[in-house]
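One structure is given here, and the rest of the page talks about it.
We did not get these values from a lab; they are worked out from the coordinates using the rules stated. These figures come from a predicted structure and were not determined experimentally. Cβ: placed from backbone, ideal geometry, glycine included. Neighbour counts: every protein chain shown.
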Amino acid sequence: MSRAARIEVDWTRCDGHALCGLLLPENLANDADGFPLIHRAEVDPANLRHARRAVSACPALALRLERT
Ligand code: SF4
């Protein structure tokens with residue numbers, strides 16, 4: 001069974017590269033300046049692969065996936 005997880009942004013690191021909204025549209029969008037807008041923090045187990053990909057791709061190491 002998959003455990004629940006939350007996507008979190010470290011705002012001290014995020015540079016607004018606008019990548020995460022493309023890679024995890026189920027949870028994130030990016031605003032006009034490229035910064036993330038979290039429309040849903042809880043990540044469904046079916047979207048964990050997308051979430052891990054977004055965390056790995058963030059060039060500022062600003063995305064985290066926290067187990068809940
Ligand atoms: S990919 Fe990383 S640095 Fe870019 S907007 Fe998303 S959290 Fe911020």
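Annotations for the structure displayed:
- Environment charge of R40, counting only residues whose C-beta is closer than 13 Å and scoring Lys/Arg +1, Asp/Glu -1: -3
- Working note: Karplus 6.51/-1.76/1.60 with θ = phi - 60° gives segment 33-42 the couplings 9, x, 7, x, 10, 7, 8, 7, 7, 6 Hz, where Gly and Pro are set to x.
- Mean-square fluctuations from a GNM of the chain, with a 10 angstrom spring cutoff on Cα atoms, peak among D31, D15, D44 at D31.
- Electrostatic dipole magnitude of the chain [Cβ: Lys, Arg +1; Asp, Glu -1; Cα centre; debye, to 20]: 360
- Lys/Arg +1, Asp/Glu -1 at C-beta; the chain dipole; positive extreme among H50, P25, I38: H50
- Values of log10 I(q)/I(0), in the order q = 0.16, 0.20, 0.24 Å⁻¹, for the chain under a Debye, Cα-only, solvent-free model: -0.44, -0.69, -0.99
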